[in-house]
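The values are calculated or read from the model by the stated rules, or taken from the named source; none is laboratory data. These numbers come from a predicted model, not from an experiment. Methodologically, a virtual Cβ is constructed for each residue, glycine included, from the backbone with ideal geometry; neighbour enumeration extends over all protein chains shown. Note: accessible area is taken over every heavy atom of the protein model, side chains too, but ligands, DNA and RNA are not part of it. Shrake-Rupley method; radii C 1.70, N 1.55, O 1.52, S 1.80 Å.
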Amino acid sequence: METTPNYLFVSMKLLGALGLLIFGMKMMSDALQKMAGPQLRHVLGKMTTNRLTGMFTGAFITCAVQSSSATTVMTVSFVSAGLLTLGQAISVIMGANIGTTLTAWIMSLGYNVDLTNFVFPAFMVGMFLIYRKQHRYVGDFLFGIAFMFLSLVMLSGAGREMDLEHNPDVVNFFASFDTGSHLTILAFLAIGTIITCIVQSSAAVMAITILLCSTGVLPIYLGIALVMGENIGTTATANLAALGSGIQARRAALAHLVFNVFGVIWVLCVFYLFVDMVCRLVGYDPAAGGQVERLPVVLAAFHTCFNITNTALLIGFIPQIERVVCWLLPASGEAQQEEFRLEYIQSNLMQTPEISVLQAQKETARFGERVQQMFGKVVTLFDERDETAFAHQFSEIEQQEDYTDQLEIEIARYLEQVSNDHLSDETKEKIRRMMREISELESIGDACYNLARTLNRRQQTGKEFDQWQQQQLKAMMALVDQALTQMNTVMHGHHSERARAGASAGKHDISETFRLENEINALRQQLKAKNLAAVDDHRYDYSQGTMFTDMINECEKLGDYIVNVVEARFGK
């Protein structure tokens, strides 16, 4: 006597297996990204010189981290950080679509091979490695892949327990759909898209599709329609992550959607011819039916053929895709409104600590540029004599001082968010150094404002510096400006890498900053002594001498803050 399966219990087992699959893939992906974070950054930065290398880079990284969403969001982050152009990002996204097909092959393997013998040894070795600090990410990776394989075993078992192929209601339900109708294909494509958008995991939708096809109840044409929908739905992750980001980041995410939608459109035009061709490649006859054990392989083969063919068709049209997304997302007048917004840091794009730290580094370097621009306004204010123009320039410096305070707070808040993640010792050290950098940069902003306040006092009292004082102050400010330029050269350069390469070593040498600071200190000592003598000789009055002393003391403080920034960047 046949027993009816307990569908409630089996359904809960199925949902639990899907949850374990998503968790295992995320754990494995996160571990790989932490193990290879810096390398992934360098690969993305250096191996996208043309369309082909960009495509292969995207495929390689996605195969490595087993997540096209991770690669795509990483790419969008790099566009946001100004490390990749939109064209380079599109080529990487195309490669990511190819790399993600490996996931389907792994799943089809799980339905045809007993993975139990691998799972439990992987758990044992992973547990041992997690307790060894230097190998904990390898242990996390083994746990992730073991969870993923265990979930595939559970899904396969749940499929057998459900015994759907002998359930007349389920069989009749799917049999009621006309697989020869494009309307039916479009309906299942929409279902696949919606489910993927909701669960935010194309792997889960692929697993459900393989499960239904492997039991023989879901016809292969409808299963492939779900897979096509999953290709569109998976773009939701990057588009959601890019909301609120810069225009280029949103365009990169939109390019992913445009690329996949175009691919689905042309496949729909030749749907049955293309599917039959893939079936013949793997030795399956859709007309004859049967051979349900081959259906997971058919789905994986279709996923691969679809993405490779779509990339081959569109890789030559990247400039045109770029123009389409620029037309769909035109640059508005937001450029003027973004002056007081963080340019590179987008908290909703924060994925891995490595990318987050990179964004913070770019924002900190921009902070350095802003304080040098602020000092340039002080130099202009020094020579300004027109009252209206002076008041306008002084007001701008006041606004800049408020902005430096905001920058310090926002960057520090972002770094605190990053610190909540599990970080390597190297990343922790980078964050500590950046915290020190932004504090010193804010102090530079304060010093610039103090200089402006002294000049404002000179303007209000009508006490002008004499010719000698003006010459000496200009010489002092020229030294400070040189030091600021050197500081920004260091902040924008990768001194450790360049030193190893032997390129431009002098420009990134900390001794140059020390030399300039010593000149500033020596000039200050010299000018303080001469200023006292000039006041004693009644060459100018005491109030003029006090303002002169305030100016040179503030410039000397600026030199100290600059040294502190450079030392922090060099890890001193």
- [ ] Sticking with the crude label model, points 7 Å out along Cα→Cβ, report the distance from T380 to F514 in nm, one decimal please.
- [x] 3.6
Task: Residue order for L381, L129 - accessible surface, 1.4 angstrom probe, largest first - done: L129, L381
Open item on the list: Leaving out ligands, DNA and RNA, and with a 1.4 Å probe, what % of the accessible surface on region 185-316 is carbon or sulfur?
Closed with: 74
Open item on the list: Quick check on my link table: of K377/K463; K474/K557; K528/K557, which ones sit more than 19 Å apart, alpha carbon to alpha carbon?
Closed with: K377/K463
Open item on the list: With a 1.4 Å probe and all protein chains kept in place, how do S443, S91 rank by accessible area, largest first?
Closed with: S443, S91
Task: Exposure ranking of H135, H492, H538, H303 by accessible area [1.4 Å probe, largest first] - done: H538, H492, H135, H303
Task: In Hz, Karplus ³J(HN,Hα) per residue of region 435-443 (6.51, -1.76, 1.60; θ = phi - 60°; x = Gly, Pro) - done: 4, 5, 4, 5, 5, 5, 5, 5, 5
- [ ] Do me a favour and compute the ellipsoid semi-axes for region 177-219 from its Cα gyration tensor, root of five times each eigenvalue, largest one first, whole Å.
- [x] 19, 15, 5
- [ ] Using a Förster distance of 60 angstrom, determine the FRET efficiency expected from the C-beta separation of K572 and K463, and round it to 0.05.
- [x] 0.90
Open item on the list: Please report the net charge: other residues with Cβ closer than 13 Å to the Cβ of R385, K and R +1, D and E -1.
Closed with: -4
TODO: Enter the accessible area of K430 (Å², nearest 10), with the probe set to 1.4 Å and all protein chains included.
DONE: 30
Task: Accessible surface of D169 - all protein chains present, 1.4 Å probe, nearest 10 Å² - done: 120
TODO: Could you state the accessible area per residue of region 391-439 in Å², with a 1.4 Å probe and every protein chain left in place?
DONE: 53
Open item on the list: Heavy atoms of the protein only, probe of 1.4 Å, neighbouring chains included. What is the accessible area of R457 in Å², nearest 10?
Closed with: 90
- [ ] Note down the nm distance, to one decimal, between modelled labels 7 Å out along Cα→Cβ at E426 and at A312.
- [x] 3.9
Task: Estimated inter-spin distance, F118 and A412, nm [label 7 Å along Cα→Cβ] - done: 4.9
- [ ] Give, as a single signed number, the net charge of other residues whose beta carbon lies under 13 Å from the beta carbon of N518, with Lys and Arg counted +1 and Asp and Glu -1.
- [x] -3
